[in-house]
Number of protein chains: 2
Amino acid sequence: MTNEPTPAPAPIAHLSESGLLERILPALPSSDAVEIGPGDDSAVVRLASPRLVVSTDTLTEGQDFLLPATRPEWIGAKAAVQNLADVAAMGARPTALVVALSAPGTADVTTLEGISRGLAARAGRDGAVVVGGDLGAADALSLTVTALGALAEGHAPILRTGARAGDVLAVGSPLLGRSGAGLAWILADRHHEALAADVVAWHNAPDPRLELGWTAARRPDGTARASAMIDVSDGLVRDGGRLARRSGVVIDLDREALAADVRALVDLAAPLGADPWSWVLHGGEEHAMLATFPADDVPEGFRPIGVVHRPAAGEEPFILLDGRTVPGEGFDHFA
Amino acid sequence: MTNEPTPAPAPIAHLSESGLLERILPALPSSDAVEIGPGDDSAVVRLASPRLVVSTDTLTEGQDFLLPATRPEWIGAKAAVQNLADVAAMGARPTALVVALSAPGTADVTTLEGISRGLAARAGRDGAVVVGGDLGAADALSLTVTALGALAEGHAPILRTGARAGDVLAVGSPLLGRSGAGLAWILADRHHEALAADVVAWHNAPDPRLELGWTAARRPDGTARASAMIDVSDGLVRDGGRLARRSGVVIDLDREALAADVRALVDLAAPLGADPWSWVLHGGEEHAMLATFPADDVPEGFRPIGVVHRPAAGEEPFILLDGRTVPGEGFDHFA
C-alpha cells in the first residue's frame, strides 16, 4: 500500500471520439515504413515487398481476458503477440498493426491508454508499429488487431503442410505450460499470490521469441529451414495435431523432452491439485513458434520435443505422446 | 406468408470451431492475388505494389446495426463497404479483406453464413476477396473488417489535407440522406412499411460507387485529380468539416445543390415529422466519396455541392451552408 492519490476516474463517455484519440495516439511511435499514419481514411505503409502477409484476431473481455486479473498494458501486449505470432509463423517479419478497439462508455480512458501503450511497446520490440485504428462503443471491452508483414520475392511462406517423415518437431520456447498455469491460478482466484506471479504475468502477456519465425526458421539466404510451422495458440497437442493433419504425418511427442517443463511447474500445480502435464500438453496462448526441421538442422532457439513419422497403413495423421494417444484435449472457442 | 418450412435453429455452440469454419469458408471466393488463403496462420496476398493501404472498422450489434431490422447479408455488405470506402478514399483500389467475427454461442450458423456471403459478395463487386478471418465468442455479435489495397509507385495518396481555395466540393452520389432516412424509419419501428423499403435497405447496406475513388478521382496517368478526399461516414457536415479543418480552408455548401436530395426525401420525412435537411446534412453511413476538385475538372460521377474558400482573417477553417453556420450536428460514438 502507498499513499499515492488514486487518479479520478475518467470514463470515456466524457470525451469526444477525437478527444479520446488525442489521448491514445501519442502512445504510438512511428517508423520509416509509415508513409501515412493514423488520422486519414487509411494508413499507407511501405512493405519489404508486395507479398503481403496478414492475420487478424480478437480479444474480448470475459472470454480472452479477465479485467480484474490483468492490466491494460498486458491486454495490449497480448493482443500484439497473438497477431504478430501468426505473421512470424509464416516465416515473415511483421511491419505494422492496425487495431479496432470497442469499449463501453464507462471504460476509463487510462485503460484505453494502457492498452494502446502495451500494444505499441510489444510490437516495437519486433520492429512493428501501430499505423491505424478504430474506436467504437460496445457493451464489452474488445480489441481486434490485424498484423501486417511481407515475404521477400522468392521466399516461400512456411506453411502447416510441409512436415516430412524423419523431421524433428521443435518448439521456440525454453518452457511450455506457463500460460496454462497462470490461467489456472487466475480461475482459482489466487492470481495475487506471490508464488504464481511469473505464470500469471506470462498468461496475461506471453512473451515468446517471435523473431525465431523469420530468423532461425530460415537460412541466411532466406530459404526455409523449417519444413512446417505454426504458433502454439490453442495448446501443443492441438496445434501440433494441426501440423500433423495438414502435413499428412504422425507427430510423436517425446515425454522425456517435455518432462523438464512439467518439473518446472510441479510446485505450482500441487497447491491447486492440478496436473502440470495438462498445462504443458494442452495449455494455450503460449504463442511460441512450433516447427518441424530436418533432424540434423534444428537451429538455435528451438529445442526438439518430438519426431515425425509416416502414418502406418490405415492410420490417420495425428499426434501421439511416446507412441500412445495423448490424454485430455485442447480448447474449442464455442464448445 | 409462404408455407415453406422454417429451417431448424442451428446455434453455433453445437458446432466446433473447425465445423463452423467449414460452413462459412465455402462462401469465400478467391482471386489471382491470393497466394495463401484462409487455413494457415496468415494469408499471403500479392498487392499491386509494396505501398500497402490499410484501414479497419468494427460493426457491433446494438450500436451499428439492429438485428431485427436488417439481414445477415446486409450486415456483411455494410461491413465491407465501410472499410472498402476508407481505402477508396485514399485513391486506392482494395485487393483483400480480413474479418474477425465474434458471436454468442446462441447465434445461428445461418446468420454467420449470411454475413460471410454478404461480405464476400460486396467486396467482389470491387474486385476484392476475403483472405482470412478469426472466429471468437462474445456476448454480442460484432465483426471487425480490415481492408487492404495498394498505391502504385509514384501515385500520391489522396489525403484530407489538400483542398485549396477555388476548388469545388463534390460528392460521388446522386442522392444523399438515404441512410439517415432509413435509420429514422428503423428507430421509429416502421422499417417494414413499403414506403421506407428503399431507404431501409440503403441504411442497412449502403451501396455507393466506391470505384470513383480510384478511377474518377485520378487522371488516366494516375496523378490525382481530387485535391482532397474522404468518405461520408459520419455525415456530410461532419466529414466535410474534417476536410476543411485538415486543409485549413472554409467549405461553403450550396443549399440549392442539395435541395434536390431534400425534395427526394420529403415524402419519407412527413410521416415521421422529421426534417429531411437533417438527413442530407448530418446523416452518416453513406460512404460516398466526398472530394475537392479544381472548378474546371470535376469528373463524371461526382456532382458539385459546394465551394472552397480561404478563411478570412481570424476565421477558423470550417464548413458553412450558403455562408452561414450549419444547424444541428453529426454523430459522436461516445457522446
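The values are calculated or read from the model by the stated rules, or taken from the named source; none is laboratory data. Predicted model only: the values in this text are computed from it and were never measured. Neighbour counts run over all protein chains shown; Cβ positions are idealised from the backbone, glycine included.
Structural remarks
- Segment B:236-266, subset within 10 Å of B:I319 (Cβ to Cβ) and of a type in the set (A, V, I, L, M, F, W, C), residue surrounded by the most Cβ atoms within 10 Å (Cβ to Cβ): B:L236
- Total residues in segment B:265-277, condition over 19 Å from B:A205 (Cα atoms) and in contact (Cβ under 8 Å) with a residue 60 or more places away in the chain: 6
- Helices (runs of 4 or more DSSP H) contained in segment A:198-293 and holding at least 1 residues within 14 Å of another protein chain (Cβ to nearest Cβ), on the phi < 0 side of the Ramachandran plot and under 16 Å from the mean Cα position of the chain (by Cα): A:236-247
- Scanning segment A:61-81 for residues that are outside any strand (DSSP E or B) and at the interface with chain B (Cβ under 10 Å from one of its Cβ atoms) returns A:G62, A:Q63, A:D64.
- Filter result for A:D198 (of a type in the set (D, E, K, R), assigned by TED's automatic domain parsing to the domain that holds A:P174 and surrounded by 21 or more Cβ atoms within 10 Å (Cβ to Cβ)): no
- Unique match (being among the charged types (D, E, K, R), within 12 Å of another protein chain (Cβ to nearest Cβ) and in contact (Cβ under 8 Å) with a residue 60 or more places away in the chain) among A:D40, A:D86: A:D86
- Any hit, segment A:268-275, residues being surrounded by 13 or more Cβ atoms within 10 Å (Cβ to Cβ) and under 16 Å from A:R164 (Cα atoms): no
- Of note, A:L183 satisfies the criterion of being away from chain B (no Cβ under 14 Å) and in a helix (DSSP H, G or I).
- Across segment A:48-60, a minimum of one residue is classified as at the interface with chain B (Cβ under 10 Å from one of its Cβ atoms), among the basic types (K, R) and surrounded by 21 or more Cβ atoms within 10 Å (Cβ to Cβ).
- Test result for A:R93, within 11 Å of chain B (Cβ to nearest Cβ), closer than 30 Å to A:A228 by Cβ and among the basic types (K, R): no
- Residues that are among the basic types (K, R) and buried (at least 22 other Cβ atoms within 10 Å of the Cβ), drawn from segment A:61-89: A:K78
- Positions within segment B:96-121 being small (G, A, S), farther than 14 Å from B:L148 by Cα and within 12 Å of another protein chain (Cβ to nearest Cβ), in sequence order: B:A100, B:S102, B:A103, B:G105, B:A107
- The residues of segment B:64-86 that are of a type in the set (S, T, N, Q) and within 27 Å of B:I158 (Cα to Cα), listed by number, are B:Q82, B:N83.
- Put simply, of B:G222, B:G213 the only residue that is surrounded by 24 or more Cβ atoms within 10 Å (Cβ to Cβ) and touching a residue at least 40 places away in the same chain (Cβ under 8 Å) is B:G213.
- Leading residue by the ranking (modelled with the lowest pLDDT) among those in segment A:22-43 that are surrounded by 17 or more Cβ atoms within 10 Å (Cβ to Cβ) and among the aliphatic types (A, V, I, L, M): A:A27
- Consider segment B:133-149 and keep the residues that are hydrophobic (A, V, I, L, M, F, W, C) and facing chain A (nearest Cβ under 7 Å). The one that is surrounded by the most Cβ atoms within 10 Å (Cβ to Cβ) is B:L148.
- Cβ-Cβ under 9 Å pairs, at least 6 apart or on other chains, segment B:278-295 side within 8 Å of B:L236 (Cα to Cα) and modelled with pLDDT under 95, far side among the aliphatic types (A, V, I, L, M) and assigned to a loop (DSSP other than H, G, I, E, B): none
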